[in-house]
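The values are calculated or read from the model by the stated rules, or taken from the named source; none is laboratory data. Being a predicted model, the structure only gives us computed values, none of them experimental. For neighbour counting, all protein chains shown are included, and Cβ atoms are generated from backbone atoms with ideal geometry for every residue, glycine included. For accessibility, only protein heavy atoms count, side chains too; no ligands or nucleic acids. Shrake-Rupley method; radii C 1.70, N 1.55, O 1.52, S 1.80 Å.
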Amino acid sequence: MAELHLYDVIRRPVITEKSTEMADGQNKYVFEVARNANKIQVKEAVEEIFELEGKVVKVNTMVMPAKRGRRGRSTYIRSRQWKKAIVTLEEGVSIELFNV
């Protein structure tokens, strides 16, 4: 398996109502990550990209299923399958990207 570059691990931040509440109240940040990235790679990428040396406490990952739609009897895929990572930081530490 090819080694992923740090900037290939994190695809984009997920900005939803629920994720902003998690960032404000629980100090958890949500990212879309590469499908073949593991928790260790996600932790290293977040610490390196956002300059948070040793501030990541926990990383949870999950694969979000593809959403399917129907037109008549036929089914089609509305959105592809993707991997989500919820990164928990230490108290008092925040990522400036989410303070917009």
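Is it the case that residue 12 is out of contact with any Ser or Thr (no Cβ under 9 Å at 6 or more places or on another chain), charged (D, E, K, R) and without any contact (Cβ under 8 Å) to a residue 24 or more places away in the chain? Criteria met by residue 12. When the test is whether a residue is at pLDDT below 95 and open to solvent by less than 40 Å² (accessible area, probe 1.4 Å), residue 95 passes it.
Given the structure, is residue 88 in a strand (DSSP E or B) and polar (S, T, N, Q)?
Details: in a strand (DSSP E or B): yes; polar (S, T, N, Q): yes.
Yes.
Would you confirm whether any residue within region 37-53 is in contact with a Ser or Thr (Cβ under 9 Å, 6 or more places away or on another chain), touching a residue at least 60 places away in the same chain (Cβ under 8 Å) and closer than 14 Å to residue 86 by Cα? So that I can check it myself, show each step before the final result.
Taking region 37-53 as the starting set, the residues that turn out to be in contact with a Ser or Thr (Cβ under 9 Å, 6 or more places away or on another chain) are 37-39, 42.
When the remaining residues are screened for being touching a residue at least 60 places away in the same chain (Cβ under 8 Å), the result is none.
Within region 37-53 (the criterion being in contact with a Ser or Thr (Cβ under 9 Å, 6 or more places away or on another chain), touching a residue at least 60 places away in the same chain (Cβ under 8 Å) and closer than 14 Å to residue 86 by Cα), the answer is no, since none of the residues qualifies.
Residues of region 16-39 that are touching a helix residue (DSSP H, G or I) at 6+ places or on another chain (Cβ under 8 Å) and either on the phi > 0 side of the Ramachandran plot or of a type outside the set (D, E, K, R) (or both): 20, 23, 29, 30, 31, 33, 34, 37. Output the residue which, of all residues in region 40-86 that are open to solvent by less than 80 Å² (accessible area, probe 1.4 Å) and at positive phi, is farthest from the chain's Cα centre (by Cα). If we take residues in region 40-86 being open to solvent by less than 80 Å² (accessible area, probe 1.4 Å) and at positive phi, then 72 is farthest from the chain's Cα centre (by Cα). For region 14-30, the set of residues classified as open to solvent by 40 Å² or more (accessible area, probe 1.4 Å) and within 16 Å of residue 50 (Cβ to Cβ) consists of 15, 28, listed by residue number.
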